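Read through the structure below, which is laid out as structure tokens, and then see the notes.
Each value in this text was obtained by applying a stated rule to the coordinates, not by laboratory testing. Computed from a predicted model, the values in this text were never measured in an experiment.
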Amino acid sequence: MSKKIGIVMGSDSDLPIVSKAVDMLKELQIPYEVHIYSAHRTPEQAGEFALFARERGFGAIIAVAGMAAHLAGAIAARTTLPVIGIPCKSSNLGGIEALLSTVQMPTGIPVATVAIDGAVNAALLSAQILAVEDAEIAARLDAKRKRDTEKVLEKDAEIASKL
Ligand code: RP5
């Protein structure tokens, strides 16, 4: 059984983004656990989750938050597991504020930040982290890359006949 991926979102309004990460983890047959813990509204629960995540069998944590997005950093401050931040577009600033809040971490506490709303890449990166030690996940990732490549080549073959 592989290690689990923890997914923590700051609000249930982040669920449409989280669902995309969950779908990717399901496709790769990776176990996961999802929580709603906010760096601001439930700081103790978010901190507790991070503190005990390693001993609870997690291999990496994905933190999803918008606006003044401190969740990924707050979690990273309390664990040495890899933390991946997804900045969300949840205000009229378009997510740039969440991107900057997530990516600009002080030296010593890294957060691997993906694109605004980049849920699929966050899931893939978390799988790649587990795949360092897990040959089955590595094989599934290789197979997915191959399928993705084939899809693009099929489109390439079609485009010539369309134009
Ligand atoms: C963040 O504030 C959440 O992650 C969410 O993206 C944003 C807005 O939250 P709600 O006001 O919709 O609960 O903490």
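One table, with the values for the structure above:
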item: Cut-off under 5 Å, modelled amide H: who pairs with CYS88 long-range; result: ALA65, GLY66, MET67, ASP117
item: Cα pair count fraction exceeding 15 Å, expressed as % - region 81-152; result: 62 percent
item: Reachable aspartates and glutamates, given that their alpha-carbon falls under 20 Å from the alpha-carbon of LYS144 and they are not under 8 places away in the same chain; result: ASP23, GLU27, GLU133, ASP134, GLU136, GLU154, ASP156
item: Euclidean distance between Cα centres, region 1-34 to region 96-163, Å; result: 14 Å
item: Taking all pairs of distinct alpha-carbon atoms in the chain, Kirkwood radius in angstrom; result: 16.3 Å
item: Value at 222 nm in deg cm²/dmol, rounded to 500, when DSSP H runs of n ≥ 4 in the chain each add -39,500 (n - 2.57); result: -15000 deg cm²/dmol
item: Tilt relative to the chain, helix 43-52 - C-alpha long axis, 0 to 90 degrees, to 10; result: 70 degrees
